[in-house]
Amino acid sequence: MAVEMRLPALHKHVSLTTSQPHRDDKHLVVPGDVITSDTGFMRGHGTYMDEDRLTASVAGQVERVNKLICVKPLKTRYNGEVGDVVVGRITEVQQKRWKVETNSRLDSVLLLSSVNLPGGELRRRSTQDELAMRDYLQEGDLISAEVQSIFSDGALSLHTRSLKYGKLGQGVLVLVSPSLVKRQKTHFHNLPCGASVILGNNGYVWLYPTPETQDEEAGGFYTSMEPVSVSDREVISRLRNCLLALATHKVLLYDTSVLYCYEAALPHKIKDILKPETMEEIVLETRQRLVEHEG
């Protein structure tokens, strides 16, 4: 039986200082920390009043909007907002709706009226459409969607009324903390390395080969089952390990950080990226490049 042995190595020190000397440090608190004693502030999520002092009830970052103070938890289930891009898995087919697991406290809902019909038809949904729901989406299918609204109990209502949303085909799903996904104008990225990524706000990241063409007549339900080449599988595997390395070291995930990490990992074998010392070296180089890019 082969045994792999690794000896301790001296890590090179990487300075992450920037040219901006006065950077605003984030105000981080833990449960029980007093945020302020000023009675003029309103109590928001993650806080409570203790003898006229506003105190944190969760560990996270203090956010202030005018006179409202709340604490955003660093680790929590996904709290959806209207307009968020999510990746989810169909868990149940019900009457005129699908239940979708989106890493939130409650299952999300995708209504039959909120999806594109095959061929892009614009008409009222009929009984035939309801009977054919499993032909569109069935249990276990992965989809990309957008949060359309939020019900009174906190459940999310999704829609896929765009050709960029719909059923996902061949690829790899990576699960990270929702707090690590940076909010941007677009969460669909075609990377220069030959793969594409969907960074779901709910912490579900989807990696797949960049398609050459998109079939607009399918209405988001057609998925290619052509064999994926070995080179594409290697690129996706390397990206997957890079995402796990960034998530382990709590680096925000967005297109630039993922691309920098992929480039930093190119000299290493794919299976070596998740070794602790290799992971630390790759993430340090990625952080350095991000600091230089922002500075």
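The values are calculated or read from the model by the stated rules, or taken from the named source; none is laboratory data. Fair warning: this is a prediction, and the values are worked out from it, not measured in the lab. Here the Cβ is made from the backbone with ideal geometry for all residues, glycine too, and neighbour counts use every protein chain on show. Heads up: the accessible areas ignore ligands, DNA and RNA and are worked out on the full protein's heavy atoms, side chains in. Shrake-Rupley method; radii C 1.70, N 1.55, O 1.52, S 1.80 Å.
Keeping the other protein chains in place, figure out the carbon and sulfur percent of the accessible area of the chain, with a 1.4 Å probe.
Roughly 50 percent of what the probe reaches on the chain is carbon or sulfur.
Backbone amide hydrogens, once placed in the peptide plane, bring I35 within less than 5 Å of L54, T55, A56, excluding anything fewer than 5 places away on its chain.
For K67, the solvent-accessible surface computed with a 1.4 Å probe is close to 100 Å², ligands and nucleic acids excluded. Under 5 Å between amide hydrogens, built in the peptide plane, is the criterion, and for A195 it picks out T210 among residues at least 5 positions away or on other chains. Close amide H pairs (under 5 Å, H built 1.01 Å from N) link V181 with L253, residues at least 5 positions away or on another chain. The listed residues H159, H293, H45 rank as H45, H293, H159 when sorted by accessible area, largest first, using a 1.4 Å probe.
With θ taken as phi - 60° and the Karplus curve 6.51 cos²θ - 1.76 cosθ + 1.60 applied, the whole-hertz 3J(HN,Hα) list for segment 194-203 is x, 10, 10, 9, 10, 8, x, 4, 8, x Hz, x standing for glycine and proline.
Entry comment: accessible area of the chain is 59 Å² per residue, from protein heavy atoms only and a probe of 1.4 Å. Is segment 243-295 best put as rounded, prolate or oblate by its Cα gyration tensor, with a ≥ b ≥ c the root eigenvalues, rounded for a/c under 1.5, and otherwise prolate when a/b is larger than b/c, oblate when not? Because a/c hits 1.5 or more and a/b exceeds b/c, segment 243-295 counts as prolate.
What is segment 23-133 by shape, rounded, prolate or oblate, if you read a ≥ b ≥ c off the alpha carbon gyration tensor as root eigenvalues and call it rounded for a/c under 1.5, prolate for a/b larger than b/c, and oblate otherwise? It is prolate, given that a/c is not under 1.5 and a/b is the larger ratio.
Spin-label model, N190 to V291: label points 7 Å out along the Cα-to-beta-carbon direction sit 3.5 nm apart. With both labels modelled 7 Å from their Cα along Cα-to-Cβ, the Q61 to S149 distance reads 3.1 nm. Legend note: in the chain, cysteines whose Cβ sits 4.7 Å or more from every other cysteine Cβ are C70, C193. Go through [x] 379; [y] 141; [z] 201 and flag the label whose value is the computed volume of the Cα convex hull per residue in Å³ for this structure. The calculated read-out lines up with [z].
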